[in-house]
Amino acid sequence: MRTVSKLLLLAGTAGALAYPWLVPNYYLVYAGVLTVMYAAMATSWNILGGFTGYVSLGHSAFFGLGAYGTGLLITRAGMPWVLSLLVSAVLVTVAAAVIGVAAVRVRGASFVIVSIALVSVMNLLVQGWRSLTGGATGLQVPAPFEDLSRGQTHMVFFYLFLALLGLVLLTWWFISRSRFGGGLKAIREDEDKAEMLGVPTAAFKVAAFAVSALFVALAGGLYAVWFRSLDPIFVFSIVSGVYMVLMSLLGGVRHLFGPLLGALIIAPAGEYFLIALGETQIHLTATGVLLVLVVLFMPEGIVPRLIGRPKGASIREDTAEQRLQEVKG
């Protein structure tokens, strides 16, 4: 089984690396960039949602902050785009840690509402601060590679987003095998019991919140340099946050490749419906219907259905006691 998994992983990696050279036109490369970007964002979201069970619909706030932070550092401060990307991501991570201290004090629906409010506040702030951000007209970012055509730029950023996806996957895998990850899973299974037995639940949740925001901000920064035209309505859209959640749920939040698989389905489907149905909200409805059909028949996601689950197994991955024993070593 492990040999088969390794072979599948190698084949998937080789296919991803060869993709830009196999497709017949640059539009499909562009679609590939979007798909890999969403896969990285969904996996980043899963560092918080999959491990702790806290559902954030507001992660697009960190995407937008990363995008605008990178764009402003390039256009206003004159920094190179690579340095702007890194500085912006660090600043967003610090901000996320501060926000997380307050946000993770609430649970359930209250946490969801707080996350939605965060997106709305950031959107209004960016649109209102016209002298700095350009307001509703957006922000134009200079081209990072002036000698390359638009199609060639798509190819470069396909590999940059692919590298980010690989980094996020490695981070998720490492966390899942660490005591930190065990503590996060204990929070997911029974937060009150985990806290009684000594797990620093508040610190763990804030750390997961910040790490998740870091990678989403990096995706936002790369998007700013790649797409070059920032629209606050899009980069701070609640729809982007919902997409991260839906991709993770569709593929399976308890699995490393669950969000990636969900992105490989939803992102191309969204582009197809957008082209077929035009610039209307109908394409969002069509994507939602596709998701509902899958969730109705595979409520735990696609990956659990593919790999199977022991007969009579609970929806929970493990019991709270097992997770706490792992944390205590």
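Quick note: the coordinates plus some simple rules give every number you see, no bench work behind them. Just so we're clear, the structure is a prediction, and the values are computed from it rather than from any experiment. When we count neighbours, we look across all protein chains shown, and the Cβ atoms used for this are built from the backbone with ideal geometry, even at glycine.
Does Leu167 count as crowded, with 17+ Cβ neighbours inside 10 Å, in a helix (DSSP H, G or I) and among the hydrophobic types (A, V, I, L, M, F, W, C)?
Working: crowded, with 17+ Cβ neighbours inside 10 Å: no; in a helix (DSSP H, G or I): yes; among the hydrophobic types (A, V, I, L, M, F, W, C): yes.
In short, no.
Please specify each residue of the range 106-119 satisfying the condition of being free of Cβ contacts under 8 Å to residues at least 24 places away in the same chain and part of a helix (DSSP H, G or I).
Of the range 106-119, the ones free of Cβ contacts under 8 Å to residues at least 24 places away in the same chain are 106, 108-110, 113.
Answer for the range 106-119, where residues must be free of Cβ contacts under 8 Å to residues at least 24 places away in the same chain and part of a helix (DSSP H, G or I): Gly108, Ala109, Ser110, Ile113.
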